[in-house]
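Everything on this sheet refers to the single structure shown next.
The values are calculated or read from the model by the stated rules, or taken from the named source; none is laboratory data. Note that the structure is predicted; figures quoted are calculated from it, not measured. Backbone-built Cβ (ideal geometry, glycine too); neighbour counts: all protein chains shown.
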Amino acid sequence: MGKLLIVGSCAFDEIESPFGKTGKILGGAGTFISLAASRYDVDAAVISVVGEDFPQGYLDLLTDNGINIEGIEVVKGGKTFFWKGRYHNDLNSRDTLITELNTLGDFNPKVPEDYKDAEVVVLGNLHPLVQSSVLDQMNKKPKLVVLDTMNFWMDSALDDLKDIIARVDVITINDEEARQLTGEYSLVVAAKKIHEMGPKFVVIKKGEHGALLFEGEDIFFAPALPLEEVFDPTGAGDTFAGGFSGYIASTGDTSFENMKRAIIHGSNLASFCVEKFGTERMQDLTEKEITKRLQRFKKLTQFDIELN
Ligand code: AMP
C-alpha cells in the first residue's frame with residue numbers, strides 16, 4: 001500500500017449551474033482529491049485547515065473513506081473557506097462570484113510525522129508558498145510530486161509559482177492556464193516550455209475534451225467520456241488529480257506507460273464527479289460502476305487499423 005500525502009482546501013461551496021442551485025455544500029480541492037484517491041489501495045492523509053463551523057459529518061466522511069485527517073487543523077472560532085461559482089450554459093466556463101479565504105488565509109500546513117516519508121505527494125491548488133512549505137517538511141524525497149495550480153496564482157504570485165513548479169515531477173494544468181503560463185498557443189510548444197521549467201511530466205486538462213500527457217517527445221491523449229448528464233463540473237480537475245495520484249501511489253510505478261493508465265483512471269473518476277452537485281456522486285459511487293466505466297473508456301479508444 002503506497003503512502004500518499006495530499007494538501008488542499010476543505011471548503012463550503014455554493015454552486016449555480018443551468019441545472020439548479022445549491023446551498024452551502026461540501027467542497028474544496030483537498031476534499032475532491034482525497035475522495036478520489038481513496039478509491040485505490042493507498043494509505044492517504046490530507047492536510048488542510050477549516051473553521052469551527054465545518055460539520056463533524058464532513059470530517060467523518062473523509063475518515064470513513066480511510067483518509068487520515070490528523071493534518072486538518074480546526075481553528076477555534078474560525079470560519080471555513082467559502083467559494084461560490086456560477087457556470088455558463090455550456091458548463092465549460094464559470095465565474096467565481098465569491099471567494100472568502102477565512103482560515104485558509106493564514107494556512108500554515110503541518111505534515112503529520114507518519115507521512116513525512118510519503119512516496120507520492122499531491123499539492124492541490126493553493127498559494128505556491130503553502131505548497132512549498134509541505135515539500136520542505138518532508139524528511140525523504142518523495143518518488144513523485146504532483147502539482148495542481150490555476151491562473152489565480154499566475155496573476156498574483158508568479159515568482160513563487162515558478163519556484164514550486166521547478167520542484168515537482170508532474171504538473172496538471174488546464175489548456176488556457178498552460179497558454180497563460182507560457183505565452184504559447186500551441187499546447188505542444190506550451191508543454192515543452194513547462195518541461196523546461198522543471199516538471200518531467202506535463203498533464204494538460206481540456207475539460208470535456210479530455211487530457212494530454214507529455215513526457216519530452218512522448219504524448220498520450222485520453223478523451224473525456226461523452227456523458228448524457230453533466231450537472232456540475234466543480235472538482236472534476238481535483239478528482240482527476242486524486243484518481244491519477246491514487247493509482248500511481250497504489251502501483252508504485254512512475255513509468256510513462258503507467259502514467260497513461262493513471263490518466264485514464266483520473267478521467268474515469270472525474271466523469272462521475274460531474275454527474276451530480278458537489279461530492280454527491282463520489283459518495284455513492286460503487287466499485288462495480290468504476291470498473292464498468294473503465295471498460296467503456298477502453299472501448300471508446302480502441303481501434304484496429306492496418307498499416308503498411
Ligand atoms: P476545480 O473545479 O477543480 O477548479 O476545483 C473547485 C474547488 O476548488 C472548489 O471546491 C473550491 O472550494 C476550491 N477552490 C476554489 N478557489 C480556490 C482557492 N483560491 N484556493 C483553494 N481552493 C479553491
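Can you name the residue in the stretch 1-13 that is outside any loop (DSSP other than H, G, I, E, B) and either touching a Ser or Thr at 6+ places or on another chain (Cβ under 6 Å) or near the ligand (Cβ under 9 Å from one of its atoms) (or both) and is also farthest from ILE98 (Cα to Cα) among such residues?
GLY2
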inquiry  = Looking at (1) surrounded by fewer than 15 Cβ atoms within 10 Å (Cβ to Cβ); (2) among the charged types (D, E, K, R); (3) in a helix (DSSP H, G or I), which one does GLU229 not meet, given that it meets all the others?
reply    = (3)
note = Condition set more than 8 Å from the ligand (Cβ to nearest atom), modelled with pLDDT of 95 or more and among the hydrophobic types (A, V, I, L, M, F, W, C), scope the stretch 19-33, selection farthest from the chain's Cα centre (by Cα): answer is ILE25
ask   = Applying the selection to the stretch 70-119, what residues are among the small types (Gly, Ala, Ser), free of Cβ contacts under 8 Å to residues at least 24 places away in the same chain and assigned to a loop (DSSP other than H, G, I, E, B)?
value = SER93
message = Out of everything in the stretch 120-137 that is free of Cβ contacts under 8 Å to residues at least 60 places away in the same chain and away from the ligand (no atom under 12 Å from the Cβ), what residue ends up being surrounded by the fewest Cβ atoms within 10 Å (Cβ to Cβ)?
response = ASP136
inquiry  = Here are the criteria: (1) away from the ligand (no atom under 16 Å from the Cβ); (2) within 21 Å of ALA270 (Cβ to Cβ); (3) surrounded by fewer than 17 Cβ atoms within 10 Å (Cβ to Cβ). Tell me which single one GLU16 does not satisfy.
reply    = (1)
request  = Could you grab me the full set of residues in the stretch 226-242 that are modelled with pLDDT of 90 or more and either more than 16 Å from the ligand (Cβ to nearest atom) or of a type in the set (Asp, Glu) (or both)?
outcome  = ASP232, ASP238
ask   = Does LEU147 count as surrounded by fewer than 22 Cβ atoms within 10 Å (Cβ to Cβ), more than 11 Å from the ligand (Cβ to nearest atom) and either part of a helix (DSSP H, G or I) or of a type in the set (A, V, I, L, M) (or both)?
value = no
